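The structure appears below as structure tokens.
All of the numbers you see were taken from the coordinates with simple rules; none came from a lab. Predicted, not measured: the structure shown is a model, and the values here were computed from it. Neighbour counts run over all protein chains shown; Cβ positions are idealised from the backbone, glycine included.
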Amino acid sequence: MRIILFGAPGSGKGTQGDLIAKRYGIPRISTGDLLRLAVRKGTPLGRKAESFMNSGRLVTDEVVEGLARERIAEPDCRPGYILDGFPRTIGQAEAMAGMAGSRPEIVIGIEVRPEVLVDRLCGRRVCASCSAVYNIHVQPPAAAGICDICGGELVRRKDDTPEVIRERIRVYHEQTESLKDYYRRKNVFHAVDGERPIAVIFQDVAGLLDAALGRTKASERRT
Ligand code: AMP
């Protein structure tokens, strides 16, 4: 199943995406993670992207489209995948529509109010080794500053400062939010309330995905 997780920065796309990946056995693809890896490795693409990311602006469509296209073409994506953070502009959505076999079957929008997003992102910490995500207020690690999973150091993302967070949310409203209507018109958009406990949100998400899977299987039987 090809799934797009949609929502503002801090809405919980990564958290829900990991749960979906575990339950349905398909990979979560985060263009943000792919870009951060390129920055860490110092590749030409990473050097191009870094200043955009650190200031909260979007990296150019061309760059992310190339990254997404390559990742989706890998064999583990054949049974499906979860896109987290892509597409983020109408241009990217159009480019994706033109990629062979990549029409999304379902787009799930996680809805969270802006003031809640700012609080969440200010408290977010990520593991420098395995990228696991914590929140010092609502989802702290067992030992301060240390990842429960791998023992790595927990750090604040460079773009999780109040100033850059505000810019990222502004950019979301300006360039990304209109994709909701784009996917509504294609009858694939579903919204969930992202201000509830993680497990409760996931019940809704899994319900939507199971229903979509049922529809896909029924239409396969008809053809
Ligand atoms: P994320 O981890 O999804 O919050 O992404 C972190 C940063 O990576 C964003 O603020 C952008 O600078 C860049 N980025 C990630 N995905 C995209 C995308 N689809 N289009 C443009 N920029 C992106």
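Specify the angular offset, from 0 to 90 degrees and rounded to the nearest 10, of the alpha carbon long axis of helix 198-222 from the longest principal axis of the alpha carbons in the chain. Between the helix axis and the principal axis of the chain, the angle is about 30 degrees.
Between the C-alpha center of region 88-152 and that of region 41-86 there is a gap of 15 Å. For the residue pairs 48/158; 22/158; 13/180, the alpha carbons lie more than 18 Å apart in 22/158. Seen against the Cα atoms of the chain and their longest principal axis, helix 61-72 is set at about 70 degrees. Sequence-ordered 3J(HN,Hα) estimates for region 42-59 from the Karplus curve with 6.51, -1.76 and 1.60 and θ = phi - 60° stand at x, 5, x, 5, x, 5, 5, 7, 4, 5, 4, 5, 5, 9, x, 8, 7, 6 Hz, glycine and proline given as x.
Proximity of backbone amide H atoms, modeled 1.01 Å from N, is registered between residue 191 and 109 at under 5 Å, excluding neighbours fewer than 5 places apart on the same chain. Residues whose amide H comes within less than 5 Å of that of residue 83, counting only those at least five positions distant or on another chain, are 3, 4, 5, 29 (H built at 1.01 Å from N in the peptide plane). With K and R counted +1 and D and E -1, the other residues having a Cβ less than 15 Å from that of residue 1 yield a net charge of +3. Between the Cα long axis of helix 114-123 and the first principal axis of the chain there is an angle of about 50°, rounded to the nearest 10.
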